Amino acid sequence: MSRKLFGTDGVRGTANVHPMTAEMALRLGAAAGRYFRSGGDNGHRVVIGKDTRLSCYMLENALTAGLTSTGMNALLLGPVPTPAVGFLTRSLRADLGIMISASHNPAHDNGIKFFGPDGFKLSDEAELEIEAIVEGEISPAQPSNIGRARRIDDARGRYVEYVKTTFPGRGQLSGLKVVVDCANGASYRAAPEVLWELGAEVVPLGVNPNGLNINDECGSTHPTTAAEAVVAHGADLGISLDGDADRVIIIDEKGRVADGDQIMALLAARWAAADRLRGGALVATVMSNLGLERFLQAKGLRLERTPVGDRYVVERMREGGYNLGGEQSGHIVMTDYATTGDGILAALQFLAAMAETGLPASALTHQFETVPQLLKNVRYTHGTEPLSAETVKAAIAGAEARLNGSGRLLIRKSGTEPLIRVMAEGEDEVLLLSIVDDIIGAVGSVAG
């Protein structure tokens, strides 16, 4: 069975356009409720979190209606980071967790992410089964078994207190000035609270959500906002989170940006030195820079590559027993602490390295020399298959021939947007630009 609704990170699209409509959210909620509610009693629970998008109100209500119609009791968390949903699904002994968010996408998009009772995102197999239920007849609960819904007022506080326990020692951030850009998203209260309560002087950005400004010229997709603030305020560190705070970009005291690859390199080296990096490996996607792989090899460590998507990173980590992984985009997954990427938690690990070494951020953010890497995107019309066109196939074959084994070429569909992503990596930057532009041109001519 092919996937019709679910992408690499749940169901996602433009709000109020299929599949991100109230009607589909209701059916998804009912289908998920039917899938997870195996017994006949009324004790099954689902936790529902959301970010700050205007459309979250609509989708939260529709999901709640669908879930309660099949007998699930809904615990509404309000705006919380995605990793908080994974944490609270387990903490509250829920059968299911749901996060309403389109992560780093603009405000007009939204998405629905599902977590199992273990706090991890659902497998492909589980998502396919839910899709099958959506397409069929969904049996409602008996009138006496309809579920209830209530708000959990201390959800954010529970998560904040847990995240603080992962930092080695209270008050160690005293004397540090930290800029934190919350992208006007789900972490707009949690992230500044965590940093301040651990002793830092906090300069908060992106903490005035209005439903329409999430990720707008701020957050991890626009780190220059935090970088400028770091320099202007003379801060020791900048932290840029995305709309649901499951990814992070770090900025040093000079305003220079470090992506997820550099953060993972630092943590892998530190954890290996402390004999806590399980399996002697870091798990990352095919997008991670070749420089990261060379850095790890020089330390006797391995890089385990997966398809793009933090869910695939987590799946490989669980299969191999690894405890550190992530993506170049800033998803950092530490299964010793969390079930998914957690931007706040990853930032605390970086701050712990600063506190323990006494070194400035600039001495820790540049762990390896990157191999030149160029990524460009081209949008295509839904229903078209530009990668199947003969002209596109010919352009890709020609690019591979020109690289002649001297670099990497990766062309793929985005799992969250109607985009074709074209990435080339190698030492010759002029060649990379030529190759990528040729493929982009070929795709654009048939993209509709």
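The values are calculated or read from the model by the stated rules, or taken from the named source; none is laboratory data. Bear in mind the structure is a predicted one, so any value in this text is a computation, not a measurement. Cβ: placed from backbone, ideal geometry, glycine included. Neighbour counts: every protein chain shown. The area values use the complete protein model at the heavy-atom level, side chains included, leaving out ligands, DNA and RNA. Shrake-Rupley method; radii C 1.70, N 1.55, O 1.52, S 1.80 Å.
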* **Residues within the range 294-322 that are surrounded by 18 or more Cβ atoms within 10 Å (Cβ to Cβ) and either polar (S, T, N, Q) or part of a loop (DSSP other than H, G, I, E, B) (or both), tallied** => 5
* To do: Show the residue pairs that are 6+ apart or on different chains and have beta-carbon atoms under 6 Å apart, the first residue being within the range 368-390 and farther than 11 Å from residue 420 by Cβ, the second being in a loop (DSSP other than H, G, I, E, B) and open to solvent by 80 Å² or more (accessible area, probe 1.4 Å).
  => 381/448
* Asked: Can you pull out the helices (runs of 4 or more DSSP H) entirely within the range 343-448 that have at least 3 residues that are over 27 Å from the mean Cα position of the chain (by Cα), of a type in the set (Ser, Thr, Tyr) and more than 30 Å from residue 84 (Cα to Cα)?
  -> none
* Consider residue 127 against the criteria (1) farther than 20 Å from residue 330 by Cα; (2) touching a helix residue (DSSP H, G or I) at 6+ places or on another chain (Cβ under 8 Å): it satisfies all of them except one. Which criterion is unmet? -> (2)
* Could you say which residue among 446, 392 is open to solvent by less than 20 Å² (accessible area, probe 1.4 Å) and at negative phi? -> 392
* Read through the list (1) among the charged types (D, E, K, R); (2) loosely packed, with under 15 Cβ neighbours inside 10 Å; (3) farther than 30 Å from residue 110 by Cα, then give the number of the only condition that residue 385 fails. => (3)
* List the number of the failed condition for residue 175; all other conditions in (1) within 19 Å of the chain's Cα centre (by Cα); (2) in a loop (DSSP other than H, G, I, E, B) hold. => (1)
* Cβ pairs under 9 Å, 6+ apart, first in the range 284-303 and within 11 Å of residue 371 (Cα to Cα), second among the small types (Gly, Ala, Ser) and part of a helix (DSSP H, G or I) -> 288/260; 291/265; 292/265; 292/268
* **Cross-chain or 6+ apart pairs with Cβ under 7 Å, the range 198-214 first and under 18 Å from residue 229 (Cβ atoms) and touching a residue at least 12 places away in the same chain (Cβ under 8 Å), then surrounded by fewer than 19 Cβ atoms within 10 Å (Cβ to Cβ) and among the small types (Gly, Ala, Ser)** => none
* Do we find that residue 190 is open to solvent by 10 Å² or more (accessible area, probe 1.4 Å), more than 15 Å from residue 46 (Cα to Cα) and among the aliphatic types (A, V, I, L, M) in this structure? -> no
* **Flag if residue 217 is modelled with pLDDT of 95 or more, open to solvent by 40 Å² or more (accessible area, probe 1.4 Å), part of a loop (DSSP other than H, G, I, E, B) and under 27 Å from residue 156 (Cα atoms)** => yes
* Go through (1) under 30 Å from residue 405 (Cβ atoms); (2) among the aliphatic types (A, V, I, L, M); (3) touching a strand residue (DSSP E or B) at 6+ places or on another chain (Cβ under 7 Å) and name the single condition residue 269 misses. => (3)
* Would you pick out the residues in the range 154-171 that are in a loop (DSSP other than H, G, I, E, B) and open to solvent by 80 Å² or more (accessible area, probe 1.4 Å)? -> 170
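Could you say whether any residue in the range 175-187 is of a type in the set (Ser, Thr, Tyr) and open to solvent by 10 Å² or more (accessible area, probe 1.4 Å)?
Scanning the range 175-187 turns up no residue that is of a type in the set (Ser, Thr, Tyr) and open to solvent by 10 Å² or more (accessible area, probe 1.4 Å).
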* Would the range 140-153 turn up any residue that is at pLDDT 95 or above, out of contact with any Pro (no Cβ under 7 Å at 6 or more places or on another chain), surrounded by fewer than 16 Cβ atoms within 10 Å (Cβ to Cβ) and assigned to a strand (DSSP E or B)? -> yes
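Could you list all residues from the range 145-165 that are β-branched (Val, Ile, Thr) and either touching an Asp or Glu at 6+ places or on another chain (Cβ under 8 Å) or farther than 13 Å from residue 79 by Cβ (or both)?
Result: 146, 160, 163, 165.
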